[in-house]
Amino acid sequence: VFKLSDCVQHTRHTIKAIQTELQTSRPAMGKTAFEAKETRLGFSYSRRCILADPELDGTVDLTKHNMNDWPHTLLQGVLPKLLWLFFHELRLIGLLYSHIHDYMQQWHWPRRVDSSGNAAKTLFNPKRSESHNAATKVKCTMSEALSAMPVIVHWIHMVVLRIANHAQGLACTAVLKFCVFCELLIYSARPGVTTERIGTACTEFLEAFK
């Protein structure tokens with residue numbers, strides 16, 4: 001998917017079909033394989049969930065009753081994988097997690113985001129970096145992502161783009177366009193931030209990512 005027009009909306013029937021497939025597959029699949037299938041289909045399964053209750057088929061319509069907040073979808077869903085791919089590319093020019101970690105230590109962080117054990121400035125410390133590599137994504141909370149994102153953008157402009165070759169430059173562009181997209185969503189209540197601007201920013205990120 002590289003454009004919003006490529007997206008196909010779910011209906012009550014497509015969601016029900018996914019739940020039915022998961023319900024049918026669960027007894028015959030191992031835990032790891034089933035979790036991978038849940039990830040691929042975009043839904044988790046519980047035999048006691050309301051989506052699995054046949055008596056509620058005509059009542060529960062997830063496409064009308066549910067709304068996912070964009071910060072968790074983007075900052076705990078898209079951004080972790082995007083950053084992991086980004087740093088995987090940066091290794092080719094000698095930039096590692098340790099470099100962004102050292103850079104983040106130079107900033108004075110507000111007390112509310114500087115608590116021990118769950119601070120944005122620890123996002124790339126050695127212990128967490130090992131965890132990122134094991135998970136093949138930069139593991140972070142939504143709050144950490146919101147706090148770290150402006151500093152990462154600053155680091156890209158001040159450090160990475162000055163030494164990046166063509167491939168790393170393209171990777172930088174993808175991350176920067178994603179951050180612009182998120183910033184527009186953050187300020188969406190302000191005059192001038194139209195749905196057209198947000199849609200364009202989303203499309204530009206998807207085009208840059210591919």
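The values are calculated or read from the model by the stated rules, or taken from the named source; none is laboratory data. Here the structure is a predicted model, which is why all the values come from computation and not from measurement. Every residue, glycine among them, receives a Cβ derived from its backbone with ideal geometry; neighbour counts consider all protein chains shown. The protein model used for the area step is the full one, side chains on, heavy atoms only, and it has no ligands, DNA or RNA in it. Shrake-Rupley method; radii C 1.70, N 1.55, O 1.52, S 1.80 Å.
Here are a few things to note about the model shown:
- Close contacts from the stretch 32-44, counting a first residue that is farther than 12 Å from Ile18 by Cβ and a second that is outside any loop (DSSP other than H, G, I, E, B) and open to solvent by 50 Å² or more (accessible area, probe 1.4 Å), with Cβ to Cβ under 7 Å and a gap of 6+ residues or different chains, come to Phe34/Arg26.
- Of the residues making up the stretch 61-90, those that are free of Cβ contacts under 8 Å to residues at least 40 places away in the same chain, outside any helix (DSSP H, G or I) and either among the aromatic types (Phe, Trp, Tyr) or open to solvent by less than 90 Å² (accessible area, probe 1.4 Å) (or both) are Asn66, Asp69.
- Residues (closer than 17 Å to Gln105 by Cβ, touching a helix residue (DSSP H, G or I) at 6+ places or on another chain (Cβ under 9 Å) and open to solvent by 40 Å² or more (accessible area, probe 1.4 Å)) located in the stretch 121-148: Lys121, Pro126, Arg128
- Every condition in (1) of a type outside the set (Val, Ile, Thr); (2) assigned to a loop (DSSP other than H, G, I, E, B); (3) open to solvent by 50 Å² or more (accessible area, probe 1.4 Å) holds for Leu95 except the one numbered (3).
- Checking Glu196 against (1) open to solvent by less than 50 Å² (accessible area, probe 1.4 Å); (2) assigned to a helix (DSSP H, G or I), the condition it does not meet: (1)
- Test: residue in the stretch 149-166 that is touching a Gly at 6+ places or on another chain (Cβ under 9 Å) and open to solvent by 20 Å² or more (accessible area, probe 1.4 Å): yes
- Residue match in the stretch 184-207 (condition: touching a residue at least 12 places away in the same chain (Cβ under 8 Å) and more than 18 Å from Trp70 (Cα to Cα)): yes
- Residue list for the stretch 167-193, filter: more than 20 Å from Leu83 (Cβ to Cβ) and either under 16 Å from the mean Cα position of the chain (by Cα) or open to solvent by 30 Å² or more (accessible area, probe 1.4 Å) (or both): Tyr187, Ser188, Ala189, Arg190, Pro191, Gly192
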